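Take a look at the structure below.
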């Protein structure tokens, strides 16, 4: 869907989401929001005595853990919808047809596949703002950055933006205005990026290769 923008927001805070969506819509864009809930999921899993473990940025997820994932995502979805305002329409990704390929060694976890959920397209066509949680059919837990990228490619969006609590991508102490997808992947392989920026860079690189404008804060990821 040309003219659509996928906005990926973190679960740690809904601050700035409403303003970002309003700015994009005032510029004429149709906006889809995809959110995570990482901090909330980890806290609740720890509270319940469930092991918190990641492999390659993906959360190892048991059936018990998936219950926590869904509950946490539902709470964040409601908060994001409230921040966006009355035009927001909340969806659980697995209920509207987000697809993923299961990664058996990680439990109930998948790699998102490009998807065109009819409910999302209909909501955009109605002039509203879909707000999606990153669950895929199965149900499977999927990384929110990867889910946002796969959705953006699937619906034919023109742009994906990652809203973060930092200005953009830093390398050697400098804020980058742009970085090539291949170079970002090389630096990740060399261990020069770590933490939450890694899945964002990989997801942005995937989207850029799919023909989208991909931005992490002020940093454009290009091919």
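Brief remarks on what is shown
- Residue check, residue 34 assigned to a strand (DSSP E or B), in contact (Cβ under 8 Å) with a residue 12 or more places away in the chain and closer than 24 Å to residue 106 by Cα: yes
- If you go through segment 135-168 and keep only what is touching a strand residue (DSSP E or B) at 6+ places or on another chain (Cβ under 7 Å), under 18 Å from residue 20 (Cβ atoms) and in a loop (DSSP other than H, G, I, E, B), you end up with 157, 158, 164, 167, 168.
- Residue match in segment 171-182 (condition: within 25 Å of residue 96 (Cα to Cα), at pLDDT 95 or above and assigned to a helix (DSSP H, G or I)): no
- Residue, surrounded by the most Cβ atoms within 10 Å (Cβ to Cβ), within segment 84-114, restricted to residues that are part of a loop (DSSP other than H, G, I, E, B) and touching a helix residue (DSSP H, G or I) at 6+ places or on another chain (Cβ under 6 Å): 108
- Matching option when the condition is touching a strand residue (DSSP E or B) at 6+ places or on another chain (Cβ under 7 Å) and at pLDDT 95 or above, among 90, 11, 3, 16: 90
- Scan of segment 169-181 for residues that are out of contact with any strand residue (DSSP E or B) (no Cβ under 8 Å at 6 or more places or on another chain) and either under 25 Å from residue 11 (Cα atoms) or in contact (Cβ under 8 Å) with a residue 12 or more places away in the chain (or both), ordered by number: 170
- Just one of the listed residues (154, 158) is surrounded by fewer than 18 Cβ atoms within 10 Å (Cβ to Cβ) and under 30 Å from residue 95 (Cβ atoms), and it is 158.
The values are calculated or read from the model by the stated rules, or taken from the named source; none is laboratory data. None of the values given here were measured: they were computed from a predicted structure. Cβ atoms come from the backbone with ideal geometry, glycine included; neighbour counts cover every protein chain shown.
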